[in-house]
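Have a look at the structure below before the remarks.
Each value in this text was obtained by applying a stated rule to the coordinates, not by laboratory testing. A quick note: this is a predicted structure, and the numbers were derived from the prediction, not measured. Positions of Cβ are backbone-derived with ideal geometry, glycine not excepted, and every protein chain shown enters the neighbour counts.
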Protein chains: 2
Amino acid sequence: MKRWNGWGDHATHPPVPDAARTFLHQLLGPGHPPRDATLHEVTARVPASRLPEHPLVQRDADTRVRYARGQSLPDLIALRSGEGLVFPDGVAHPERPEDVQTLLQYAHTHAATVVPYGGGTSVAGHVNPAAGARPVLTISLERLSALLTLDEASRLATFGAGVRGPDLEAALRAQGYTLGHFPQSFEYSTLGGWVATRSSGQQSLRYGRIEAMFAGGTLITPRGPLTLPPYPASAAGPDLRQLVLGSEGRLGILTDVTVRVHPLPDTERFEAAFFPDWASAHDATRALAQSGAPLSMLRLSTPTETHTTLTLAGHPRATRALETYLATRGVRSDKCLLLYGLTGPRDTVQHAAHTAARVIAAHQGVRVYTPLGRAWHKGRFAAPYLRNSLWDAGYAVDTLETATTWDRVDRTLNAVEHALRRGLDAYGERVHAYTHLSHVYPSGCSIYTTYVFRLAEDAAATLRRWSALKGAASEALVREGATISHQHGVGRDHAPYLPAEKGALGMSALHALTRTFDPDGLMNPGVLLEGDHA
Amino acid sequence: MKRWNGWGDHATHPPVPDAARTFLHQLLGPGHPPRDATLHEVTARVPASRLPEHPLVQRDADTRVRYARGQSLPDLIALRSGEGLVFPDGVAHPERPEDVQTLLQYAHTHAATVVPYGGGTSVAGHVNPAAGARPVLTISLERLSALLTLDEASRLATFGAGVRGPDLEAALRAQGYTLGHFPQSFEYSTLGGWVATRSSGQQSLRYGRIEAMFAGGTLITPRGPLTLPPYPASAAGPDLRQLVLGSEGRLGILTDVTVRVHPLPDTERFEAAFFPDWASAHDATRALAQSGAPLSMLRLSTPTETHTTLTLAGHPRATRALETYLATRGVRSDKCLLLYGLTGPRDTVQHAAHTAARVIAAHQGVRVYTPLGRAWHKGRFAAPYLRNSLWDAGYAVDTLETATTWDRVDRTLNAVEHALRRGLDAYGERVHAYTHLSHVYPSGCSIYTTYVFRLAEDAAATLRRWSALKGAASEALVREGATISHQHGVGRDHAPYLPAEKGALGMSALHALTRTFDPDGLMNPGVLLEGDHA
């Protein structure tokens, strides 16, 4: 069963390896496990619903707790402690697209605001009801999840927007196809959510971001439906799909989505190489990204992340053997791990593998035949489970990410890590921060930083620590001119930083769009755009 | 010197081969060359300018004639006859981005509307001033054309938006790079125009559409500048670049544009194959488009276009020899010509060539070692010159284009050709129509149809013939659910058909954007969106 106060299924609870515990103790000091609130305690605090009865709307306390938050660190803090929660007044599960229009009308009638809910995996506050005078109706799309049509000639599949990653891939696999979208949230996140937040999957290098997959669909808005036809391309004015991509529930609710699919690949494997230092590793990764070689993934860890990954994996003997071998090849303490994916028809994969080997060798890289690539693939969706376990050990883990052009990658990465490492100086606390580059493009890449710090004495104090870190890192991104999000979206947490990147005129344009589709301000207020219709 | 009343340079005037003349005579009847108006006659009819003097604005009659029209067939009819022309009241050539803001202020002060002008190559009425009470200021970007920066690490180049294709490629080639954008209008069209109209070049299969190249830039609007940073990717809400792409001068004027560039390819060649019939040719083209093979172009002609191309080329002896050879391989009168491009690093090209050979053979295709591919490459920008010559012979040529998904390609193609072939029945005139597919995608392709008909006794009657044909074909596209334009844009000619594809709500969104950037309705009214701020 799905956890109500943390990531994933109850049955999955990986232990923190001893080596990891020792490592964090040394870096940050001992962790103090917090006392969590029970579901019973939290349920007892849910106030009466302000919405009237409706056959499509559940108003019981248990349901309202389960849809109160997403999966950000502030969400985890609130759910574990039971503090600071705001509950939706009702949760609806439409079964047909027409139900969505009915529910928007119901919300309008009762002056409610609407939170569209896919898998609830947001790490930026997309699904959190705001406290306020208006009741909140959360509309979950989970029952709109069928494979509706598959056009094999055009390689287009249409699904109900609430379909989760594993169900979508299973339905396509049965017909010989794949979408190829594998964000870390894959187990629970949904197709509609991917589109609404401009999601990017781990194999974006082969399959593209969700923008490249999203061919068309239907958005139900307070002013009626917007139909987006699945043209392969068009010069007929601005592309309306691009308004829906990243609209984060502000314009309406996607009920069906047409995506471009691919035949299942003949071959797929993930390989590993180490570089002697960051400069050679960074240059090799850029060269591969710009080579046009048909790789399916590139993921490069800094020396700190490489060291952290090898330590937390908890296989000290195997790691020592690997390090001894690498030392003979000139790769020592500043080593950087590159994982790369090879996916596709056999001859394409061979061509990609040759290019990769050539570029890696030209940059002093050493390819290693360890299970690291396989282990990454096997554990690719597991990191959020470890967050649960580390919480129990008294440590908070969060991630943040951005993207910038190659000429600015190093300075942006350093600015973010510096802001995080010094971010709790005022509290006398240390922060462990480490980074990888993934989602590479010819013109730049994403920068993904993980940071770990100790839980404080209570939830409010832990939240203050997080706010200090998140604020310092976000300001560093703005200062460096990098985007506030490459893949997590804006939500509530990044909304204050959006005007710096869109400009005053750009913000006016986005507000004008929300006014057009949602003149009464029903849809997800406070998400994406702060404040009301400006 | 550039022609004032037709395509291209005066010095280039290809003769119509005898074979072509005979062919058209047989199909359509004899052509009757029209009498053209002289520049002197047209200049004498230019009314006094309604704009006051300004150091940046030219108001002489000669200049105003040269900026009155683009390159559509109605534009040619108007310029050749001197009838139905509306002239801008002034033409400005800003030399700095600040001049553009100054000129928008000047236009606002004098209640003028503004036509942004790149290369004047529009075939859909983008640059035509409308008759009306308000004076019209045309702003030509041609002096904003420098290479401003080249970031080799990120492979990003920033140009003044008015740079023309050949100058852009020359500036990049000097540094070892190419953009790879080669629309048929390449000689005169500009970077800013490509972005504003969502242009697509002949090698879009390798380099992508302009959407994929456009990384960022500056749009000067009546409400000030909008700066678009060149992020490699972002999940920070809707992508504002996508509002500018296809905005056709309604939101503002691009002054600088940052594009993603590529190293010059090691290798480039264009090859040819013939298929015995349309079904096998179509299936092979789809299979190649979906194979992921790194080809740089695919262009497939129907049997009618294949026959027309071989006849108009005017090499009857070489054609007969080719046809004799093809007949021995089972390829006869329904033959279809496929041209394909191989561009890139040597090993990538080899990989692509192998895949192409395999797929072509699997579909009964016959590769031929004729100069057809080379001839296509050499003459790739020449077709518009032939239009001038055919006009002089008494024939009008126009093209129209769309895109749709693979499952609908055949029926859409047939519907358009049928509408054109029967379109002048009421006039007792025949129409020769033929089609190729180019710009292929995994989910569909563009459909590009050329149609030829006889000029009527006067300009008004010729324009009526064109209107009948254009209307019938456009209505067919709407009925078939295909986009009204894959690469030419909307302009004035396609604007009536846009609501069918964007929907009422989509149109409201586009109007809301124009109101945001241009509250007083200065910018290119009537282009893209018919009517005023709805």
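Net charge near residue A:55, counting Lys/Arg +1 and Asp/Glu -1 over other residues with Cβ under 12 Å of its Cβ?
-2
Taking a point 7 angstrom from the Cα of residue B:414 along the C-beta vector, which residues in region B:284-317 have backbone N less than 16 Å away?
B:302-304
Mind sorting A:4, A:194, B:376 by how few other Cβ atoms lie within 10 Å of their own Cβ, fewest first?
A:4, B:376, A:194
Please compute the net charge surrounding residue A:4, taking Lys and Arg as +1 and Asp and Glu as -1 over other residues with Cβ under 10 Å from its Cβ.
Numbers: positive: A:2, A:3, A:66, A:69; negative: A:62.
So the surrounding residues net to +3.
Per residue of B:405-412, count partner chain C-beta atoms within 10 Å of its C-beta, then hand back the mean as an integer.
Across the residues of B:405-412, the mean count of other-chain Cβ atoms within 10 Å is 4.
Show me the ranking of peptides B:264-270, A:330-336, A:134-140 by mean Cβ neighbours inside 10 Å, starting with the highest.
Numbers: B:264-270: 15.6, A:330-336: 17.7, A:134-140: 23.7.
By packing density, highest mean first, the sequence is A:134-140, A:330-336, B:264-270.
Please compute the modelled spin-label separation between residue A:358 and residue B:475, points set 7 Å along Cα→Cβ, answer in nm with one decimal.
Reported label-point gap for residue B:475 and residue A:358 is 5.7 nm.
Rounded to the nearest 0.05, what FRET efficiency do residue A:146 and residue B:44 have when you use their Cβ-Cβ distance and R0 = 60 Å? Each step should come with its number before you reach the end.
Numbers: r = 69 Å, r/R0 = 1.15.
After rounding to 0.05, the efficiency reads 0.30.
Residue farthest toward the positive end of the dipole of region A:34-140, with Cβ of Lys/Arg at +1 and Asp/Glu at -1: which of A:77, A:58, A:91?
Toward the positive end, the furthest listed residue is A:77.
Using only the Cα atoms of region B:34-140, construct the convex hull and provide its projected area averaged over every direction, in square nanometres to one decimal.
On the way: hull surface 26.2 nm².
For region B:34-140, the mean projected area of the Cα convex hull comes to 6.5 nm².
Listing B:23, B:517 from the residue with the fewest other Cβ atoms within 10 Å to the one with the most, what is the order?
Ranked by crowding around the Cβ, least crowded first: B:23, B:517.
Going 7 Å from Cα along the Cα-Cβ axis for the label, what nanometre distances separate residue A:60 from the same residue across the other copies?
8.5
Cα centroids of region A:454-485 and region A:21-65: how far apart, whole angstrom?
With region A:454-485 and region A:21-65 each reduced to a Cα centre, they are spaced 22 Å.
I want to check the label-to-label distance for residue A:95 and residue A:60. Put each point 7 Å from Cα in the C-beta direction and report it in nm to one decimal.
Distance between the two pseudo-spin positions: 1.7 nm.
Please identify which residues in region A:489-525 have an amide N closer than 13 Å to a label point set 7 Å out from the Cα of residue A:429, following the Cα→Cβ vector.
Of the residues in region A:489-525, none has backbone N under 13 Å from the label point off residue A:429.
Could you please report the charge total around residue A:162, scoring K, R as +1 and D, E as -1 over all other residues with beta-carbon less than 13 angstrom from its beta-carbon?
That sum, taken over residues with Cβ under 13 Å, equals -2.
As a footprinting exposure proxy, order B:431, B:397 by other Cβ within 10 Å, with the fewest listed first.
Numbers: B:431 24, B:397 20.
Fewest-to-most ranking of B:431, B:397: B:397, B:431.
Calculate the FRET efficiency for residue B:383 and residue A:467 from the Cβ-Cβ distance with a Förster distance of 41 Å, rounded to the nearest 0.05.
It comes out at approximately 0.10.
When you look at the Cβ of every residue in A:161-174, what mean number of other chain Cβ atoms sits within 10 Å?
Shielding by partners across A:161-174 averages 0.
Report the Rg/Rh value for region B:267-380, based on alpha-carbon coordinates and the Kirkwood definition of Rh.
Computed over Cα atoms, the ratio is 0.95.
Calculate for the protein assembly as shown the 222 nm mean residue ellipticity that helices alone would give, adding -39,500 (n - 2.57) per DSSP H run of length 4 or more and normalising by residue count, nearest 500 deg cm²/dmol.
-11000 deg cm²/dmol
To check you understand DSSP bridge types, tell me what percent of the beta bridges within region B:34-140 (both residues inside) are antiparallel, rounded to 5.
That works out to approximately 20 percent antiparallel.
Return the FRET efficiency for the residue pair residue B:374, residue B:174: r is the Cβ-Cβ distance, R0 is 30 Å, and the value is rounded to the nearest 0.05.
Approximately 0.75, to the nearest 0.05.
Along Cα-to-Cβ, 7 Å out, sits the label point; list in nm, shortest first, how far the one on residue A:40 is from those in the other copies.
Shortest to longest, the spacings are 10.4 nm.
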